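The values are calculated or read from the model by the stated rules, or taken from the named source; none is laboratory data. Every value quoted in this text rests on a predicted model; they were computed, and no experiment measured them. When we count neighbours, we look across all protein chains shown, and the Cβ atoms used for this are built from the backbone with ideal geometry, even at glycine.
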Amino acid sequence: MAAWLGHEPAQVALGRRARGREALRQAGHEVCVRVALAGARAALKRWGGEPPPEVVAGVAAIEAWLACPCAAHAAACREAEDSVGPLGARLLGEVDVDAPDADADDVSARLDVAERRSQVTLTVFQAALAVRAPLESGPGLPAPVSEIAFGALRSAAGAEASAARADAPPGPSDEAARRMIEPFLGGGHGPREGRGRPRDAVDEEIERYGAALAAFEAACGARVQAEVRAALVPWLLGAP
């Protein structure tokens, strides 16, 4: 697990590249919950402003369960699922895209904020769900806790990508990728086929856009993973 999170001595000791899903499957339930919680904490930093009390309470409920994994704290995490789960859709639904006097740029900006915050709420929901998730899947059971923890990290990376597209300066690892996708960030979501443009040119632009976007999102995921590494590796290695 420490090797997958990027701890160099652990990577050397392992002697091969660590795979995320494999590391999570082998790590056990508590570690997976801690990974999901670290992802939720990282995502919460991308909220922008004061997050709603349901989201803050959801994170606190998971922290309380880790400190004391009793039935009462598990029930509080289940309540957090119910309160945080619907928030993302509600946030997106509050943006009135069909208002007759709506400014297109303003609507786009508010949609970006709502999308970012919906990713945050999804990460917190997944972290709360991880508390009751089984080690293995089965009929009537949630997905395995390892898959839920992995999904929480992906959701946190999605929140970081949304924040980076909106208002964060590019870092050295993704500056080139951001420059390439910059023309597509002003209200569009990708290259478009223009009238009279050769199809080969459009295909090439789509390919360049896809590669740039993949690099950009990978850099965002790496930033989140670095935060998770800083939070978890000392605990994993038994540091006081």
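Given (1) assigned to a helix (DSSP H, G or I); (2) without any contact (Cβ under 8 Å) to a residue 40 or more places away in the chain; (3) within 24 Å of Val33 (Cα to Cα), where does Gly238 come up short, assuming only one miss? Looking at each condition in turn, Gly238 falls short on (1). Close Cβ contacts (under 8 Å, 6 or more residues apart or on different chains) running from residues in segment 99-124 that are without any contact (Cβ under 8 Å) to a residue 40 or more places away in the chain and under 18 Å from Ala164 (Cα atoms) to residues that are outside any helix (DSSP H, G or I) and among the β-branched types (Val, Ile, Thr) comprise Arg110/Val95; Leu111/Val95; Leu111/Val97; Ala114/Val95. Of all the numbered requirements in (1) without any contact (Cβ under 8 Å) to a residue 60 or more places away in the chain; (2) more than 18 Å from the chain's Cα centre (by Cα); (3) within 24 Å of Gln26 (Cα to Cα), Leu135 misses one, and that requirement is (1). Checked against (1) buried (at least 17 other Cβ atoms within 10 Å of the Cβ); (2) modelled with pLDDT under 95; (3) more than 20 Å from Ala231 (Cβ to Cβ), Leu14 passes all but a single condition, namely (1). Out of curiosity, is Ala40 of a type outside the set (D, E, K, R), at pLDDT 95 or above, over 27 Å from Arg165 (Cα atoms) and assigned to a helix (DSSP H, G or I)? In short, no.
Is it fair to say Ala23 is crowded, with 17+ Cβ neighbours inside 10 Å, modelled with pLDDT under 90 and either on the phi > 0 side of the Ramachandran plot or not in a loop (DSSP other than H, G, I, E, B) (or both)? Yes, satisfied. Exactly one residue out of Ser162, Ser146, Ser108 is of a type outside the set (Asp, Glu), over 26 Å from Gly28 (Cβ atoms), part of a helix (DSSP H, G or I) and under 20 Å from the mean Cα position of the chain (by Cα): that is Ser162.
Looking for whichever is under 18 Å from Gly151 (Cβ atoms) and among the acidic types (Asp, Glu) here; the options are Glu50, Glu79, Glu54, Glu30. Which one fits?
On the way: Glu50 fails: under 18 Å from Gly151 (Cβ atoms); Glu79 fails: under 18 Å from Gly151 (Cβ atoms); Glu54 fails: under 18 Å from Gly151 (Cβ atoms).
Just one listed residue meets the conditions, Glu30.
For Ser108, are the conditions met, namely being over 23 Å from Ala159 (Cβ atoms) and hydroxyl-bearing (Ser, Thr, Tyr)? Here the answer is no, as Ser108 does not meet what is asked. So, in segment 82-101, of the ones that are part of a loop (DSSP other than H, G, I, E, B) and at pLDDT 90 or above, which residue ends up surrounded by the fewest Cβ atoms within 10 Å (Cβ to Cβ)? Per the stated criteria, the residue is Pro86.
Can you name every residue in segment 64-81 that is part of a helix (DSSP H, G or I) and surrounded by 13 or more Cβ atoms within 10 Å (Cβ to Cβ)?
Within segment 64-81, Ala64, Trp65, Leu66, His73, Ala74, Ala75, Ala76, Cys77, Arg78, Glu79, Ala80, Glu81 qualify.
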